[in-house]
Amino acid sequence: AKTIEENCKELGFEARSHVVKAQAEPFLVDPAKFREEKPFTLVTLEPPYIEVSYDKLMSTLAASPALGPDTLVVVEYPIELGSLPLLMGGSLHGFRNKVFGRTVLAVYVCRPTGRDLGIRCKPEEFGPGAIAVAFPAKRAQTEGGASGGSSGGSSGGGGGEQEIPEGWLSEKAIPIAFPAKRAQTASGAGGSGGSSGGGGGDEEIPAGWRS
């Protein structure tokens, strides 16, 4: 709160700003209690992923008097949740739902009036299976072994890329965090006079590739 106040002062918005230090839910239920009488035009939510119930937070937000017609709501949430629904609480209509790494940014409009808000509505980005569209089949890069010798030596196995099975990708809006998977690679033997192929065993797929 102190940093926000300092930033507002630095930018010359001190007289036009009102900083509230409180839990989001009580504020959303009764903003007038915190001296906020008018609905906002923009609301952004960036809650700590593992410390909040998104169901409860979004339900409270959808019914909040802090929102009015055409209020823009931007919600950040983890990709492990799958996809937030297109319609929330009968009042929040999904316009965009974009994936950035393991973070998803959803843009909702509260009770849209049809006024041009400068946002192109893409409902296909929401719902079960929508997040999976952003996940093409990933490939685990494995260390390639040295090629065999010139006299009849075959190239070492286990090199190159190996596709991660489609079953490891996020397909539905289910709150499950998958454990780290491992890609099994075969080690090939080098030819006569050549060195043995490397890249054997299993190699862990980076956490960023998990759904």
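Output the residue which, of all residues in the stretch 1-41 that are of a type in the set (F, W, Y) and touching a residue at least 12 places away in the same chain (Cβ under 8 Å), is farthest from S59 (Cα to Cα). If we take residues in the stretch 1-41 being of a type in the set (F, W, Y) and touching a residue at least 12 places away in the same chain (Cβ under 8 Å), then F34 is farthest from S59 (Cα to Cα).
Filtering the stretch 42-55 to residues that are more than 13 Å from L81 (Cα to Cα) and either surrounded by 11 or more Cβ atoms within 10 Å (Cβ to Cβ) or within 15 Å of the chain's Cα centre (by Cα) (or both) leaves V43, T44, L45, E46, P47, P48. Taking the criterion of being more than 16 Å from T44 (Cα to Cα) and out of contact with any helix residue (DSSP H, G or I) (no Cβ under 7 Å at 6 or more places or on another chain), the residues of the stretch 70-89 that qualify are E80, P85, L87. Does the stretch 102-122 contain any residue that is over 16 Å from the mean Cα position of the chain (by Cα), farther than 22 Å from L28 by Cα, surrounded by 13 or more Cβ atoms within 10 Å (Cβ to Cβ) and of a type in the set (K, R)? Yes, the stretch 102-122 contains at least one residue that is over 16 Å from the mean Cα position of the chain (by Cα), farther than 22 Å from L28 by Cα, surrounded by 13 or more Cβ atoms within 10 Å (Cβ to Cβ) and of a type in the set (K, R).
In the stretch 75-82, the condition of being of a type in the set (F, W, Y), more than 26 Å from E125 (Cβ to Cβ) and touching a residue at least 24 places away in the same chain (Cβ under 8 Å) is met by no residue.
As a summary of the residue check, A24 satisfies the conditions (1) surrounded by fewer than 18 Cβ atoms within 10 Å (Cβ to Cβ); (2) in the same structural domain as G129 (by TED's automatic domain parsing) except for the one numbered (2).
The values are calculated or read from the model by the stated rules, or taken from the named source; none is laboratory data. Model, not experiment: these values are computed from the prediction. So basically every Cβ, Gly included, is an ideal-geometry build from the backbone, and we count neighbours across all protein chains shown.
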